[in-house]
Amino acid sequence: MDNRLYFVLGDLLTNICIGALIGTLAVVLVGTGWNMWLAMVLMMMLGMVLSLFLSFGFAICFGAMEVMVPGMLTGMMSGMILGMWGAMAELSAIQGGAIGAVTGFAVLIVVWFANAALRGVAIERENRS
Amino acid sequence: MTDLVTQRKWDKAAPNFDLMAGKGAEWRWEPHKQKLFANMRGKVLFLALGTGLDIPTFPPNQDITAIDLSPEMIKHAQDRIDDYHGSLTAEVMDVHELSFDDDQFDQVFTSCTFCSVPNPIDGLISLRRVLKPGGELYMFEHTGSRYFPFNVMMKLMTRVTEKLGPSMDRTTVENVEEAGFDIVKVEHIFLDVVKTIKARAPM
């Protein structure tokens, strides 16, 4: 990932905000008594779709794929975790937002590690000219 | 015949294109594009000029012919074209129907182009035709990913984004090989999604 401060802070802001928003939405929508697996799958899908549109907004300031890919993963994970959690226990919107924000931060760390493993020269063949 | 549907889509996008693509993405990618474009030499074809956001990262004093499918995009690029220190001409042209002679260019450069070309392999074959034997193809592109969960997400993203413009799950490196180029170097910029590709037309 980009290690210029502007983009590091931008990536953090994007993922924490998306995680918090999707997490809040998941606990507001899902009530205790829902089937846990159904809640998880539905909120995961909703989180993924909504986070794509949220990412478009952050992408204007902080980049394209570098914002949209982790942003969408955050939406998916936040929706999944809070959907499942909300079906099992009573959570407030603030708790949902806080857990979602932590999820966003954790996802970003995972993406930073994945990027560190994948970036760089992938193919280099003998120059035949 | 020019792809009018795609042309209209980009004509419509032209007035707001700089807002969507000209801030975060360009700031982020600028150092990588500068490094790639520093390889420009000889007679250069630049594919899909858009509103000319890449022009400030071109090295000066080059001989560049740029094309774009959208007349509106080129209209919006005009100030940047005028500001370039070197020879830069822009023409409206579809990559599938290049009107240039065979073996005319030493190099072809693309920048986030093949996510939007409707028939990417045909487009690449077209580029190979206008490149001299042994000519170089340099690309800055985003593609799909080979790795879970990124590959699944890119496919889902494509269902939305291709209605607005680009696809997010292209297999551009494989397409370049399928079009008959020899891959020289692929460098990943972000995950295996944003990358630079250097390829060579066969001798």
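None of the figures in this text is laboratory data; all of them are computed from the coordinates on show. Source: prediction; values computed, not measured. In this analysis, Cβ positions are derived from the backbone assuming ideal geometry, glycine residues included, and neighbour counts consider all displayed protein chains.
Quick look at the numbers
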item	result
Using θ = phi - 60° and Karplus 6.51 cos²θ - 1.76 cosθ + 1.60, couplings along segment B:65-72 (whole Hz; Gly, Pro as x)	10, 10, 10, 8, 6, 9, x, 5
Cα-projected label distance for A:LEU12 with B:ARG8, points at 7 Å along beta-carbon direction, nm	4.7
Chymotrypsin sites (Phe, Trp or Tyr not before Pro) restricted to segment B:141-203 and DSSP loop, no more than 16 other C-beta within 10 Å	B:TYR147
Residues whose placed amide H lies under 5 Å from that of B:GLN104, excluding near-sequence neighbours	B:LEU131, B:LYS132
Segment B:28-43 - phi-based ³J(HN,Hα) in whole Hz, Karplus 6.51/-1.76/1.60, Gly and Pro as x	5, 8, 3, x, 6, 5, 4, 5, 5, 6, 4, 7, 4, 7, x, 8
Neighbour-limited loop hits for trypsin sites (Lys or Arg not before Pro), segment A:24-129 (at most 15 other Cβ within 10 Å; DSSP other than H, G, I, E, B)	A:ARG125, A:ARG128
Under the Karplus curve 6.51 cos²θ - 1.76 cosθ + 1.60, θ = phi - 60°, whole-Hz ³J(HN,Hα) for segment B:111-128, x wherever Gly or Pro sits	9, 6, 10, 7, 7, 10, 6, x, 10, x, 5, 4, x, 5, 5, 4, 5, 5
Built amide H within the under 5 Å cut-off of A:ILE123, gap 5+	B:VAL186
In nm, spacing of pseudo-spin labels at A:PHE53 and A:TRP37 (7 Å Cα→C-beta vector)	3.0
Reciprocal mean inverse distance between Cα atoms of segment A:5-128 - Kirkwood radius, Å	14.7
All-pairs alpha carbon distance profile, segment B:128-203, 10 Å steps from 0, percent	20, 43, 28, 9, 0
Projected-area mean, the protein assembly as shown, by convex hull of Cα positions, square nanometres	16.8
Stokes-Einstein D in µm²/s, Kirkwood radius over Cα pairs - segment B:4-200 at 4 °C with 1.567 mPa s viscosity	77
Candidates B:ALA25, B:ALA66, B:ALA48: whichever shows maximal mean-square fluctuation once chain B is modelled as a Gaussian network with Cα springs under 10 Å	B:ALA25
Sorted by Cβ neighbour density within 10 Å, fewest at the top, the residues B:CYS112, A:CYS61	A:CYS61, B:CYS112
Proxy reagent accessibility, fewest Cβ within 10 Å first, across B:ILE81, B:ILE67, B:ILE55	B:ILE81, B:ILE67, B:ILE55
Sequence-separation-based contact order of segment B:4-200, relative, with Cα cut under 8 Å and 6+ spacing, percent	18
